[in-house]
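Engineer: Mind having a look at this structure? Questions to follow.
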Amino acid sequence: MYKRSSLFLIVIAQLFIGQALAQSPLTQDNGAPVGDNQNSQTAGPDGPVLLQDAHLIQKLQRFDRERIPERVVHARGTGAHGRFEVTGDVSKYTKAKVLQPGAVTPVFVRFSTVIHGNHSPETLRDPRGFATKFYTKEGNWDLVGNNLPVFFIRDAIKFPDMVHSLKPSPDTNLQDPNRFFDFFSHVPEATHMLTRAYSDYGTPRSYREMDGSSVHAYKLVNERGEYVYAKLRWDSRQGEHNLTAKQAEQVQGRDFNHATNDLISSIKRGDHPRWDLYMQILTPGQLDDFDFDPLDPTKVWSGVPEVKVGTMVLDRNPANIFQETEQSAFAPSNLVPGIEPSEDRLLQGRLFAYADTQLYRVGTNVAQLPINAPKLQINSNNQDGESNAGARTGSVNYEPSRLAPKPQDSKHKYSELPLSGTTQQKRIAKTLNFRQAGEFYRSLSATDRNNLIANLSGDLGRVSDDVARYTMLSYFYKADAGYGQGLAKALKADVARVKSLADALSE
């Protein structure tokens, strides 16, 4: 009787604690209150994110360590080996040897879904990861992107929250639209990505038949230290082909590994998939020519011409899935001279988080594994750690040293970014949250628009919170009135109320 009473009291106490915490201020793990959980600290309004942002770093560190050993995101994936050959000429923009005319570079590509687990169906609605590891003559360059050209959020400080909302609920282990639309109703910049993800582009027919995108802008730096901003896109020579919701259901009933089977079998029979790499280029002076921030990853660069760089072909399947595909580790921080990160706030967070999560997931010496090791000699002072298979010799494991010098060439220094203002935690100045979502909606055929409305209303109709549901409807109405009306009609919502809410929104 005593034990049952004690257990009852513990449960009651936990309920009261949970209710109290629900109303308490947000804190860091050391108990310190959080001043701003929406914006990372940056060096002025246009500068990079600061390493001193302890709250940002802690959120990303803790998020990276939530799963072991499966990837927290991009767990479900398949990969292939191949090569990339440069056929264009962008040498005036970058000194990177991998992008010089005629260069041929071996690559390993891992395709994936994002939210769902390692053995989930490949038909589920989700962005698709498109990660390419270039084994260049100057070290490894990882181009880590998605099939869709934009993302849900623009600041890495919100990445753990976004994924938490999209992952299964911690109390039921079920994905729940009530949770992720509750989150997205506070994130108007997600309207563009949600529109694309709920279109049929959210369910590609195969990995071969989808494009890839860097999502972020990067800096290309030439021999003179001059830089431009570039967005990169993989254009599938197989064409882009997607599944409707009905087709996805039928495919899943036959084969929930359909995308992996398709890639492996096509390479086996000699039907090697190919993608052309294109770039869009902007000079630093052109960034202010837009009514949105071009470094915002929720935006595309409409009207900016593309330059063809080269072609990638995938022609060899992994010999061992675990050793190659699963142990492959990609990080946007793996860059080479001539390619640098932009000040994109989401990218700045990913520079830390991706490398950190691979160190946790695979181990301290992840870069020594054959699939991750560069095709050149490593000469660093990093040492020891678990699973170290290196060949370090000698007594000098420090620098500088006259006994065993490791010279550095100043030509490999980063480019210099002019800065202004003070450190801050504020959103970007030019948000333009809705217009590009409307432009994408209007670019779709009538059939694709109807599919988008059916797909989106199916999940939005499961949202029980009236405020969240109408807030989301107002976002889509603000993007395009016909889009919002179609969704409101599908959900039997009050169109006048939706319009009134949309009218109160600003871009």
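The values are calculated or read from the model by the stated rules, or taken from the named source; none is laboratory data. It should be emphasised that the depicted structure is a prediction, and the values quoted were computed from it without experimental measurement. Cβ atoms come from the backbone with ideal geometry, glycine included; neighbour counts cover every protein chain shown. Remember, those area values only see protein heavy atoms, side chains included, never the ligands or the DNA or RNA. Shrake-Rupley method; radii C 1.70, N 1.55, O 1.52, S 1.80 Å.
Engineer: Tell me yes or no: at least one residue of region 334-342 is in a strand (DSSP E or B), in contact with a His (Cβ under 9 Å, 6 or more places away or on another chain) and either open to solvent by less than 60 Å² (accessible area, probe 1.4 Å) or in contact (Cβ under 8 Å) with a residue 60 or more places away in the chain (or both).
Structural biologist: yes
Engineer: Which members of region 160-187 meet the condition of being open to solvent by 30 Å² or more (accessible area, probe 1.4 Å), part of a helix (DSSP H, G or I) and either touching a residue at least 24 places away in the same chain (Cβ under 8 Å) or out of contact with any Ser or Thr (no Cβ under 9 Å at 6 or more places or on another chain) (or both)?
Structural biologist: If the condition is that a residue be open to solvent by 30 Å² or more (accessible area, probe 1.4 Å), part of a helix (DSSP H, G or I) and either touching a residue at least 24 places away in the same chain (Cβ under 8 Å) or out of contact with any Ser or Thr (no Cβ under 9 Å at 6 or more places or on another chain) (or both), then 161, 164, 178, 182 are the ones that fit.
Engineer: Still on this model: With in a helix (DSSP H, G or I), open to solvent by 40 Å² or more (accessible area, probe 1.4 Å) and not hydrophobic (A, V, I, L, M, F, W, C) as the only criterion, which of 285, 349 stands out?
Structural biologist: Just one listed residue meets the conditions, 285.
Engineer: Would region 37-52 turn up any residue that is modelled with pLDDT of 85 or more and touching a His at 6+ places or on another chain (Cβ under 8 Å)?
Structural biologist: Looking for residues that are modelled with pLDDT of 85 or more and touching a His at 6+ places or on another chain (Cβ under 8 Å), one finds at least one in region 37-52, hence yes.
Engineer: Another question about this same structure. If only one of 206, 236, 266, 213 is among the polar types (S, T, N, Q), more than 25 Å from the chain's Cα centre (by Cα) and surrounded by 17 or more Cβ atoms within 10 Å (Cβ to Cβ), which one is it?
Structural biologist: Matching residue, one of 206, 236, 266, 213: 266.
Engineer: Hey, another quick one. Given the criteria modelled with pLDDT of 95 or more, more than 23 Å from residue 507 (Cβ to Cβ) and in contact with a helix residue (DSSP H, G or I) (Cβ under 6 Å, 6 or more places away or on another chain), does residue 251 qualify?
Structural biologist: The answer is yes for residue 251.
Here's the yes/no breakdown for (1) out of contact with any Gly (no Cβ under 7 Å at 6 or more places or on another chain); (2) surrounded by 11 or more Cβ atoms within 10 Å (Cβ to Cβ); (3) touching a residue at least 60 places away in the same chain (Cβ under 8 Å); (4) of a type in the set (A, V, I, L, M):
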{"residue": "415", "(1), (2), (3), (4)": "no, yes, yes, no"}
{"residue": "422", "(1), (2), (3), (4)": "no, no, yes, no"}
{"residue": "427", "(1), (2), (3), (4)": "yes, yes, yes, no"}
{"residue": "433", "(1), (2), (3), (4)": "yes, yes, yes, no"}
{"residue": "439", "(1), (2), (3), (4)": "yes, yes, yes, no"}
{"residue": "445", "(1), (2), (3), (4)": "yes, no, no, no"}
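Engineer: Mind telling me which of the residues 131, 103 ends up being among the small types (Gly, Ala, Ser) and crowded, with 24+ Cβ neighbours inside 10 Å?
Structural biologist: 131
Engineer: Please state which one of 310, 270, 349 is touching a helix residue (DSSP H, G or I) at 6+ places or on another chain (Cβ under 7 Å) and modelled with pLDDT of 95 or more.
Structural biologist: From the options 310, 270, 349, the qualifying one is 349.
Engineer: Taking region 459-480 on its own, how many of its residues are buried (at least 21 other Cβ atoms within 10 Å of the Cβ) and free of Cβ contacts under 8 Å to residues at least 24 places away in the same chain?
Structural biologist: 0
Engineer: Inspect region 303-317 for any residue being part of a helix (DSSP H, G or I) and either farther than 21 Å from residue 60 by Cα or basic (Lys, Arg) (or both) and give the result as yes or no.
Structural biologist: No, the conditions are met nowhere in region 303-317.
Engineer: Look through region 246-282, keep the residues that are charged (D, E, K, R) and part of a strand (DSSP E or B), and return whichever of them is farthest from residue 217 (Cα to Cα).
Structural biologist: Filtering region 246-282 for residues that are charged (D, E, K, R) and part of a strand (DSSP E or B), the one farthest from residue 217 (Cα to Cα) comes out as 274.
Engineer: Looking only at helices (runs of 4 or more DSSP H) that fall completely inside region 392-507, which ones have 1 or more residues that are under 27 Å from the mean Cα position of the chain (by Cα)?
Structural biologist: Output list reads 435-443, 446-460, 466-479, 481-490.
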